[in-house]
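Below: the structure, in structure tokens.
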Amino acid sequence: MTENEENQTTPVTAATLAQIAEHGLWAQGPAVNPAAATVGEALVATIQGTAERPLLTPELQQLVQEVQQISELDFPYVTAHDGIRLSAHSIKLSGGEPRPVVIVPAGWTPLGWVIFEYLYLQLAQRGYHVLAYTPRGIGQTVNLGNGAFLDMFWTSQGYVDVAGPNDWYDASTMIDYAQQYFEPSKVVFFGESYGSGISQLAAAHDSAARVDAVVALSTWGHLGTALLGNDTRHLEAVKALVGFTGGPEERKFDPATREILRCFREGENLDYVRAWADERSPQRYAEETNTRQVPTFFSNTWHETLFPVNEVLDVFNALTVPKHLNLWIGDHAAPEGAGLSIPWSGPNLPVEEAFAWLDHHVLGKRNEVPGWPQVTSQVMFTPEVREGKGSWQEVTTGTERLYLGATRPGSQDGPLAPTPTAGWTVPFTTGTYTEANAGELLTSGQAEWRGEPVVYQTGKFDPRYLGSWVSEPGARRLRGIPKLRLTVTGVGTELTLVAYLFDLAPDGTARIITHEPYTLTGATAEQPVTVDWALQAAAYDLAADHRVLLVVNGKDKLYSDANLEYSTLKIGSPAGGESFVELPLG
């Protein structure tokens, strides 16, 4: 870090830590929380010895000193197979006994590896060598004007490969470096977000099968499904990801990847985009991971807006390795973000359980991990309730099918009832955002994690722009993947529907349970067509006096919209093919 950079480093205070504890890694925008950046930069400046004034709280200062006493800390650049220099950070523990190394590919943020410096210090204290690095192309690039740019020291050269083959080769290069520098007893990959996908792919692709375990937090299973599920483009997610690289798009992505992004945004050549994404999907290589029997720990959230939970369940279920899955309230990185970046006032369970699993499978520690169920689900929105099951298949023990009915006289809602009804139609106009929506990218889920889920005022759900159906009151334990069948008629050959399940309280307020978009291609104008799709998985308890509310509209700001603007969609229920929602119970 240069003297100019150090002078700009903000000291960490108790208020800084409290802000991260409450708001996690994300700020409105969405953007990286500046407080999280402050902690990472202050820790690194202190370790490098460039801080000319105290930058840390006493607790963090003590942590740095303790790790410095037992290790050698360095900031190398590692040269990749094609000459690209990758920014890295190493912590080599003292003593001659063999120890495992944890390799940490950074997440997809402008801060690269810096943002999780606290994690590396924790791992060192637990007895691991550490090698963190920023994947190629990721990291802050400052525009100096007149065509000049300056990369920060944590920024890696090259173009972002989006977890493609170059990133697999880079991961193997990091293993080469680690084996020479640390002479480790085992090699582990520990990743959050982008780093977690790279970690899974490294385990499947390293030519010498040298990866002994993987921890994958806020990860993905199939990139194509995450970005193009049900033929609906997740536009806001990709917009945010491009912005998080740390520099101008034309400097961060090569022409081929920029063409992929253009096709995605414009809705062109989507089979080409899917093939590109499929190559970057851990699910595609599940058999390679199974053959190598790499123990893998997963941690994800119910309301994930970057990598929806169902595609993670697919890769988890495809693996036959020693594995564990935690599912939490919230959105991307909300549960573990603060635990990876700052001291916690109590145990941060998402991180502590990842450490415990690692300690058992890598260090051989005797702890509670062998007695864990394979899947542990936190129930919305009662965070103290966590349920364990021997597999994902055990989560759902039954179903309840509720049929949609015609809108009641004097009401904007139709019924959800056990008996099918046919011959009705509910029309609504597309092209308008409604009060029924999936929330804000990243930040709504962060609020859920801190106990403040969005409260929807259903009186503002405008029936001109949506259809809604409501059940009778009754306690329900929703566990698993809801399924939906609708018959829809539109005026175009492509139609987009977005379905939401809400928990409707007696006072008319609601909280979201789950949702999922669906885009129908190849439709015939003015001809009804029946579509089936799965909503995202959930674990949710409804009180005895609450109702299930199903809402369907044609537009949500998170997604692409294939409808002809301000056209009419009609939801119907023909005899023999009645529309229904199937609730998973457990």
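Structure data summary
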| item | result |
| --- | --- |
| Per-peptide average of other Cβ atoms within 10 Å, ordering 276-289, 376-389 highest first | 276-289, 376-389 |
| Segment residue 352-residue 472, length gained on full extension (0.36 nm per residue, minus Cα span) | 39.1 nm |
| Charge tally in the Cβ shell below 15 Å around residue 318, where Lys, Arg are +1 and Asp, Glu are -1, residue 318 excluded | -2 |
| Per residue solvent-accessible surface (Å²) - the range 1-97, probe of 1.4 Å | 47 |
| 1.4 Å probe accessible area per residue over the range 242-399, in Å² | 38 |
| Length added when fully stretched, residue 507-residue 408, from 0.36 nm per residue minus Cα-Cα | 33.7 nm |
| For peptides 133-141, 521-529, 433-441, sequence by mean Cβ density within 10 Å, most packed first | 133-141, 433-441, 521-529 |
| For the range 1-137: rounded, prolate or oblate by the Cα gyration tensor [a/c cutoff 1.5] | oblate |
| Rule-of-thumb Rg ratio for the range 389-547 [Cα; 2.2 N^0.38 Å; N residues] | 1.08 |
| Residue 288 paired with residue 148, simple spin-label distance in nm, labels 7 Å along Cα-to-beta-carbon | 4.3 |
| Set of the range 92-119 residues, backbone N closer than 14 Å to the point 7 Å along the Cα-Cβ line of residue 74 | 92-94 |
| Percent accessible area from carbon and sulfur atoms, the range 319-471, protein chains only, probe 1.4 Å | 50 |
| Cα gyration tensor shape of the range 539-586, rounded if a/c is under 1.5, else prolate or oblate by comparing a/b with b/c | oblate |
| Using alpha-carbon coordinates, inclination of helix 58-70 to the longest axis of the chain, degrees | 50 |
| Prolate/oblate/rounded call for the range 103-221, Cα gyration tensor, a/c under 1.5 rounded | prolate |
| Packing-based order for 535-547, 158-170, 104-116, 332-344, using average beta carbon neighbours within 10 Å, highest first | 104-116, 332-344, 158-170, 535-547 |
| Approximate spin-label separation residue 565-residue 82, in nm, with each point projected 7 Å along Cα-to-Cβ | 4.0 |
| Added length on full extension, which subtracts the Cα-Cα distance from 0.36 nm per residue, residue 48 to residue 266 | 73.9 nm |
| DSSP bridge orientation in the chain - percent antiparallel, rounded to nearest 5 | 70 |
| Positive-end residue of 433, 91, 572, charge dipole of the chain with Cβ unit charges | 572 |
| Crossing angle, helix 309-318 versus the chain [Cα axis fit, 0-90 degrees, rounded to tens] | 70 |
| Value of relative contact order over the range 315-414, rounded to a whole percent, pairs C-alpha under 8 Å and six or more apart | 23 |
| Neighbourhood charge, 15 Å Cβ-Cβ cut-off, centred on residue 184 and excluding it, Lys, Arg +1 and Asp, Glu -1 | -1 |
| Distance (nanometres) between label positions extended 7 Å along Cα→Cβ at residue 397 and residue 320 | 2.9 |
| Answer label, with Rg and Dmax of the Cα atoms in Å calculated from the coordinates and candidates (1) 24.6, 80; (2) 31.0, 132; (3) 27.1, 90 | (1) |
| Between helix 349-358 and the chain: long-axis angle, C-alpha atoms, 0 to 90°, nearest 10 | 60 |
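The values are calculated or read from the model by the stated rules, or taken from the named source; none is laboratory data. Since we're looking at a predicted model, the values are computed, not measured. No Cβ is skipped: glycine too gets one built from the backbone with ideal geometry, and neighbour counts run over all protein chains shown. The accessibility values were calculated without ligands, DNA or RNA, using every heavy atom of the protein model including side chains. Shrake-Rupley method; radii C 1.70, N 1.55, O 1.52, S 1.80 Å.
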